[in-house]
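Please read the structure below before turning to the comments.
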Amino acid sequence: MPELPEVETTRRGIRAALSGRVVTGFELRQHRLRWPVDRALVRELRGQRVRDVRRRAKYLLIELERGTLIAHLGMSGSLRVLPSGTPWRPHDHYELQLDSGRGLRFNDPRRFGSLHWSTGDPLGHPLLAGLGPEPLERDFDGDYLAGRARGRRVAVKQFLLDQRIVVGVGNIYASEALFRAGIHPRRAAGRVSRERYQRLARAVREVLEEAIRQGGTTLRDYVSAEGTPGYFRQKLFVYERAGEPCRRCGTTIRRVAQGQRSTYFCPSCQT
Ligand SMILES: [Zn+2]
C-alpha cells in the first residue's frame, strides 16, 4: 500500500511534468473508484492550467485555475506521466492530458483510489478537514505529542496511527519509529514522558525522510513508460521480522496484534 513516502515521491515525480501545463483533455475510462468520479470533469478540466502539485496526508492536490483535483492512490494505485497515445493497459482508469503531449495516467487494480474536484479551499474538503499535522512539518514535535497524549490510555502505537493526531504514519513507520525511540508499542500514550515523545517525533521524521530519500532513486520511473513505480524497501529493524534477532541487542523480535494490525517490537530495547 502506498504510504506517505511513496505519495510524496509521486508528487515530486509528477510535479515538474504538470506545473504550468494546460489540460487538453480528461479521459475517464472507469468512474467507479472508491467513490464515483464526477463525469462532468471531462468538460470541466479542459483548458485549465496546472498551477502546482501539493500533498496533504496521503492525498495529492493538483491545483488548477478553477479548483483542485484531490487524488488518492488507495491500496494499489499509481500515477505516472506517459507520452500521449500510450496504449491503455488493464486497470488504467483515467488520464489527465496535457499540452506537452504527455498525460498523467492512473492505474489501480483494486480501485480503492479516488479522485475528487474541489472548487473551494481543498484543505477544507470533508476528506481533509480534521486531519492532524504533517509529520515532516515544524508543528509536529515532542511537545505537541505530549500535549495530545495527556491522560490518554490508548496504546501509543494506536495513538500514532490516529490521523487526527498526525497524518501519514502507517503501520511500518509506526513500528519502526517506536523501536528507534525505545518505546513499547503497548504503553499507554499518556504514560510516555515528554523526553521520549521528543525522541519519537524525531524518529518518525527520520524513518519517513529515509524512505523519501530512497524513493528519490526511483523518480525517473514516474515519467517513463517502462516499469511501475515500486514501493521502497529500507532497512527495517522490527517490521515483519518476528522470530529474528534484534539488530541492536539480539533479543528475538516479537509480533502482537493491535487493532487488527500486526505490531513488531523488541521486548528488550522497547519499554
Ligand atoms: Zn533489541
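For this structure, a couple of remarks:
- Sparse-neighbour loop sites [trypsin sites (Lys or Arg not before Pro); the stretch 28-89; at most 15 other C-beta within 10 Å; DSSP]: R29, R39, R46, R51, R66
- Shape call, the stretch 1-114: gyration tensor on alpha carbons, a/c limit 1.5: rounded
- Taking GluC sites (Glu not before Pro) across the stretch 7-80, the ones in a DSSP loop with at most 15 further Cβ atoms lying within 10 angstrom of their Cβ are E65.
- The Cα atoms of the chain cover 58, 36, 29 Å along the three principal axes, with the biggest extent listed first.
- Distance-filtered residues of the stretch 119-157 - backbone nitrogen under 15 Å, label point 7 angstrom along A40 Cα→Cβ: 119-120
- On Cα atoms only, tilt of 171-181 relative to the major axis of the chain in degrees: 40
- As a length-normalised measure over Cα pairs under 8 Å and 6 or more apart, the relative contact order of the chain settles at 18 percent.
- Hypothetical label at A188: residues of the stretch 153-168 whose amide nitrogen lies under 14 Å (7 Å Cα-Cβ projection): 153-156
A short reminder: the numbers here are calculations on the coordinates, not readings from a lab. Since the model is a prediction, treat every value here as computed from it, not as a measurement. Positions of Cβ are generated from backbone atoms using ideal geometry, with glycine treated the same way; all protein chains shown enter the neighbour counts.
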